[in-house]
């Protein structure tokens with residue numbers, strides 16, 4: 001006998017809750033066409049039901065994939081809820097990828113309809129030639145903003161919206177039905193699709209919103225700088241609706257000046273983005289003498305957080321904390337929050353805890369593998385490959401039955417340690433760790449030391465082949481404006497901060513760091529630049 005009600009977890013529940021219980025709370029967008037758009041969760045819920053009717057009119061069936069090439073905007077948010085809520089799959093496509101990769105992703109997903117911001121019209125006109133199975137291309141715009149002419153027979157989003165009435169109620173179906181599809185960046189081989197379900201998504205967001213995780217509430221004003229086309233903006237569009245927080249969507253302008261203005265105008269309290277976003281933002285604030293009046297905390301993910309970045313945030317009055325995850329974990333797996341006993345530690349000791357990637361959310365389990373079925377102890381020193389399992393971890397890639405699980409665990413490709421309190425510390429990626437003379441050198445350690453030099457803006461470390469030691473580290477450095485730091489000065493800066501045999505063989509200064517489509521440093525490009533530079537490995541005793 002079932003003593004409790006059973007109600008399947010539906011993504012539509014989040015926007016229904018927001019509309020009913022936080023109906024007057026604002027969603028603010030800096031629009032593609034310029035200016036700010038404001039409306040409420042109540043209006044968003046109604047328009048999301050209207051979009052569900054539009055999808056029906058376009059003959060989108062249950063389980064069909066609906067693609068998006070769009071910025072963080074209210075219309076994109078409506079697609080998030082309207083598509084998944086009606087039983088279709090919201091497939092966010094990263095427009096910053098190469099055309100060939102985008103075409104592969106759209107074709108592999110078999111998208112039937114693609115919604116796009118007008119920013120991407122030139123891309124869409126090229127893409128359509130390679131994606132014959134896409135039946136409709138819908139521009140996210142009003143009629144007045146539509147292009148005078150196009151190579152394609154475009155549909156207008158707002159025309160479609162006014163032509164239908166909202167569905168009266170959201171459908172209910174199996175909570176394990178697909179809800180959203182995201183592809184990995186595909187740095188090695190073709191991108192791989194991760195299909196999230198209604199159940200996995202809502203469990204992920206429940207856990208991520210908790211006080212010891214992202215700590216989100218109705219009192220927050222949340223601005224996800226992380227794109228909605230990248231792992232569902234780390235779940236923030238759903239989380240904000242679940243807790244009723246005001247949501248600020250920055251649209252296409254992600255330069256520091258525009259972001260800072262929006263942070264201040266809308267009194268944002270909590271924001272999320274990759275390290276490069278905050279490095280640029282803190283530099284802008286320092287250069288202009290600006291101050292943050294309401295922003296109190298930021299979560300940094302997508303890459304390891306340099307300690308110097310958190311220190312810069314602290315000086316600016318912002319609590320910056322790390323989170324770890326990946327497309328395959330929906331993405332949040334750990335958050336860098338402190339335990340009660342850490343409150344009595346000296347500030348330096350607390351900061352060393354926050355240098356790690358944090359503790360696992362409830363619903364995620366972790367272990368460190370030494371290979372051949374051997375698990376490493378949680379002592380903060382024994383390293384190996386990080387393995388995860390949980391309620392929102394990929395079971396198999398979309399359209400691919402050979403996902404490389406090992407006895408129910410997903411191998412992440414990260415080299416890590418876990419300490420006695422369960423704090424994860426990523427020491428490198430398996431593909432980036434430098435294997436020198438039988439020892440492993442962490443490229444992250446080398447990067448963090450370089451980044452702490454006052455004359456350095458950004459740093460990245462890659463390996464250089466060596467005839468005796470196998471590999472040796474080389475660090476690429478972007479100087480800060482007006483900095484004249486030299487190669488010898490940089491190399492001497494490592495003395496006493498790292499073992500002598502771990503000191504880089506060379507320093508290469510570059511004007512700008514190559515950044516990929518998700519805001520991460522392109523180490524593949526740096527390796528190419530290293531090969532082109534003619535730098536030779538030094539002799540290390």
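First measure r as the distance between the Cβ atoms of residue 100 and residue 6, then evaluate 1/(1 + (r/R0)^6) with R0 = 45 Å and state the FRET efficiency to the nearest 0.05. Here the calculated transfer efficiency is 0.50.
Ordered by the count of other Cβ atoms within 10 Å of each Cβ, fewest first, 324, 137, 501 give 501, 137, 324. Normalised by residue number, the volume inside the convex hull of the Cα atoms of segment 1-119 is 131 Å³ per residue. I need the calculated FRET efficiency for the pair residue 343 and residue 264, taking r as the beta carbon distance and R₀ as 25 Å, to the nearest 0.05. Using R0 = 25 Å, I get an efficiency of 0.20. Working ranking of peptides 93-99, 275-281 by packing, defined as the average number of other Cβ atoms within 10 Å per residue, highest first, is 275-281, 93-99. Shape class for segment 408-541, computed from the alpha carbon gyration tensor (a ≥ b ≥ c): rounded, with a/c under 1.5. One chain, two ends: residue 525 and residue 125. Fully extended at 0.36 nm per residue, the span grows by 141.2 nm beyond their Cα-Cα distance.
Computed with the Debye formula from one identical point scatterer per Cα of the chain, without solvent, the log10 of I(q)/I(0) at q = 0.06 Å⁻¹ comes to -0.30. Using a Förster distance of 25 Å, how high is the FRET efficiency between residue 367 and residue 174, based on the Cβ-Cβ distance and rounded to 0.05? E(calc), rounded to 0.05, equals 0.20. Highest-first packing order for the peptide set 176-183, 407-414, 525-532 is 176-183, 407-414, 525-532, based on the mean count of other beta carbon atoms within 10 Å. Each Cα pair under 8 Å and six or more residues apart adds its sequence gap; the mean of these over the residue count of segment 434-533 is a relative contact order of 25 percent. Once the Cα atoms are used to define both axes, helix 198-209 deviates from the longest principal axis of the chain by about 50 degrees. As a rough footprinting exposure proxy, the listed residues 441, 167 were ranked by other beta carbons within 10 Å of their own, and the order from fewest upward is 167, 441.
Please determine, in degrees from 0 to 90 and to the nearest 10, the orientation of helix 275-288 with respect to the longest principal axis defined by the Cα atoms of the chain, where the helix direction is its Cα long axis. Roughly 80 degrees, rounded to the nearest 10.
One decimal place: the segment residue 287-residue 407 gains 38.0 nm when fully extended, by the rule 0.36 nm per residue minus the C-alpha distance. Under conditions of 10 °C and 1.306 mPa s, segment 116-253 yields 88 µm² s⁻¹ as its translational diffusion coefficient, taking Rh as the Kirkwood radius over Cα pairs in the Stokes-Einstein equation. Taking every DSSP bridge with both residues inside segment 39-199, close to 25 percent are antiparallel. Remark: relative contact order (the chain) = 10 percent; criterion is Cα-Cα distance under 8 angstrom and separation of 6 or more residues. Would you please classify the overall shape of segment 338-391 from the alpha carbon gyration tensor, given that a ≥ b ≥ c denote the square roots of the eigenvalues, rounded means a/c under 1.5, and beyond that prolate means a/b larger than b/c while oblate covers the rest? Oblate is the answer for segment 338-391, as a/c is 1.5 or above yet b/c matches or exceeds a/b. For the chain, DSSP calls about 55 percent of its internal beta bridges antiparallel. For the peptides 446-453, 236-243, the ranking by packing is 236-243, 446-453, with the highest mean count of neighbouring Cβ atoms within 10 Å listed first. Hydrodynamic analysis of segment 39-199 uses the Kirkwood radius over alpha carbon pairs. Inserted into Stokes-Einstein at 37 °C and 0.692 mPa s, it gives a translational diffusion coefficient of 206 µm²/s.
Shown here: segment 243-321, whose C-alpha atoms stretch 31, 29, 23 Å along the first, second and third principal axes, sorted largest to smallest. Under the definition of Cα pairs under 8 Å and six or more residues apart, what whole-number percent is the relative contact order of segment 1-118? Relative contact order here is 26 percent.
Just so you know, all these numbers are worked out from the coordinates, no wet-lab data involved. Remember, it's a predicted structure, so these values are computed and weren't measured experimentally. A quick note on method: Cβ atoms are made from the backbone with ideal geometry, for glycine too, and the neighbour counts reach across all protein chains shown.
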